[in-house]
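Participant: Below is a structure I'd like to ask you about.
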């Protein structure tokens, strides 16, 4: 599917008339007669085609004077897959806006992170998304406000500032304009059983857990996604908590939990796969981090992917087709902290998963920032590059060459010589990483796949990939396999997930 689908009127009309949920987030339908905008799968009777107009974002709809539908709640649609499969200016800007950069640093801060002028960023976002960075950030604030209004008992003033609004008046005006209801009216419409935070919720800083649902495009296969995160979990930073069948209606499903380093503080996320959503429980030291925490959890679980487009492409290869048909909807397990993953990729060079976890756990115990977790066994945030830059290489129980690789990496990350954030230019970052001592294609592509989020990253030298290739009759030498994998582009990172799934490694199975 190509970007700019909202310009293909005939295709959009067909999607709306068939209520096709696959297109939720790809575009939004604005109805000229009612001045309401909806997601394509809205359960209401579709409007007449001549009354439909289509927009690439919720912010574009709001900027054009439309308000959100109360039935389909278009503000809760999955994000557009475009921003996670591209590395151009618009995609990088959209990822930064989702990460809260505009709210924290303004449009000049966004421009500085991207290395472009504010005027150029405004122009390109308006051309492709239909709204500038301020409007996009405003739409995100409105969505966060609605979430807090409907799922907590926090006073409205605290919600306003937690959602990123500069004043209560702006908060009230925005909520009324976007949802055609006042904040109090929004809260009054929520059935009591949906409230997850009891009255008397403490103020930010001592805030309890917030429960919410993270939507995705079906299908989603949780096996390799949660299996990978659980099997490689670093003690103290991550854990898998099994649940008894009584906890979830007879289905034994556990929760992946991990600590989060966030702009205003820290948090703990607990994520559980369900049939049509991911159950997310967040405990934050500062509520202003809520939209960032949600964005990073969604990115880690690859929830904005378009599995139908990906699987359709991979099915064109007769070798991959049976693997896709057997378990469609595999996602790429990613990360909430790109620098953390880069460090862990170095620790995992030429050692087993268990050995890599041991190395990482030692770093966490020695250099991680302690956190309190009354609900489980999480003890630390993964150490920041600045903390690791000061470590003594002689304390690392690994070969001297790998010590040099690790210390060089953390030094460059701490100094800002290498950037691995969501704004990274994938090609430039690959080149910078390859210049570091001890960084070969496997390490660079692993970071590109799981930290940078490149959907076309490929690991032809990976042992699991090579074993799968041999079993399936694919070429097993890196050069020949890379040539064969050209047909899988631009989704080679997803092909890797299907190849890995042919093995019996714990990363391939949902823990119980």
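Participant: Which residues, taken from the range 143-156, are part of a helix (DSSP H, G or I) and either under 15 Å from residue 185 (Cα atoms) or assigned by TED's automatic domain parsing to the domain that holds residue 214 (or both)?
Facilitator: 145, 146, 147, 148, 149, 150, 151, 156
A quick yes/no check of all residues on (1) in the same structural domain as residue 190 (by TED's automatic domain parsing); (2) more than 24 Å from residue 141 (Cα to Cα); (3) at pLDDT below 95:
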| residue | (1), (2), (3) |
| --- | --- |
| 22 | no, yes, yes |
| 25 | no, no, yes |
| 63 | no, no, yes |
| 101 | yes, no, no |
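Participant: Output the number of the condition that residue 129 fails; it satisfies all remaining conditions of (1) surrounded by fewer than 19 Cβ atoms within 10 Å (Cβ to Cβ); (2) over 28 Å from residue 190 (Cα atoms).
Facilitator: Condition not satisfied by residue 129: (1).
Participant: Check residue 233 against each of (1) in a loop (DSSP other than H, G, I, E, B); (2) within 20 Å of residue 508 (Cβ to Cβ); (3) out of contact with any strand residue (DSSP E or B) (no Cβ under 9 Å at 6 or more places or on another chain) and name the one condition it does not meet.
Facilitator: Unmet for residue 233, out of (1) in a loop (DSSP other than H, G, I, E, B); (2) within 20 Å of residue 508 (Cβ to Cβ); (3) out of contact with any strand residue (DSSP E or B) (no Cβ under 9 Å at 6 or more places or on another chain): (3).
Participant: Run down 373, 337 and say which single residue is surrounded by fewer than 19 Cβ atoms within 10 Å (Cβ to Cβ) and in contact (Cβ under 8 Å) with a residue 24 or more places away in the chain.
Facilitator: 373
Participant: Go through 254, 329, 267 for me and flag whichever is outside the structural domain of residue 361 (by TED's automatic domain parsing) and at positive phi.
Facilitator: Only one candidate passes the filter, namely 329.
Participant: Let me ask something else. Run residue 351 past the list (1) surrounded by 14 or more Cβ atoms within 10 Å (Cβ to Cβ); (2) out of contact with any helix residue (DSSP H, G or I) (no Cβ under 8 Å at 6 or more places or on another chain) and report the number of the one that doesn't hold.
Facilitator: That leaves (2) as the condition not met.
Conditions (1) more than 30 Å from residue 89 (Cβ to Cβ); (2) modelled with pLDDT under 95, marked per residue:
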{"residue": "123", "(1), (2)": "no, no"}
{"residue": "143", "(1), (2)": "no, yes"}
{"residue": "148", "(1), (2)": "yes, yes"}
{"residue": "153", "(1), (2)": "yes, yes"}
{"residue": "201", "(1), (2)": "yes, yes"}
{"residue": "205", "(1), (2)": "yes, yes"}
{"residue": "220", "(1), (2)": "no, no"}
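Participant: Moving on to the next point. Mind checking whether some residue in the range 423-435 is surrounded by fewer than 17 Cβ atoms within 10 Å (Cβ to Cβ), at pLDDT 95 or above, more than 26 Å from the chain's Cα centre (by Cα) and in a loop (DSSP other than H, G, I, E, B)?
Facilitator: Within the range 423-435, one or more residues are surrounded by fewer than 17 Cβ atoms within 10 Å (Cβ to Cβ), at pLDDT 95 or above, more than 26 Å from the chain's Cα centre (by Cα) and in a loop (DSSP other than H, G, I, E, B).
One line per residue, one yes/no per condition, for (1) over 20 Å from residue 315 (Cβ atoms); (2) loosely packed, with under 15 Cβ neighbours inside 10 Å; (3) not assigned by TED's automatic domain parsing to the domain that holds residue 448:
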position	(1), (2), (3)
461	yes, no, no
467	yes, no, no
470	yes, yes, no
473	no, yes, no
477	yes, yes, no
480	yes, yes, no
488	no, no, no
491	no, no, no
500	no, no, no
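The values are calculated or read from the model by the stated rules, or taken from the named source; none is laboratory data. Being a predicted model, the structure only gives us computed values, none of them experimental. Cβ atoms come from the backbone with ideal geometry, glycine included; neighbour counts cover every protein chain shown.
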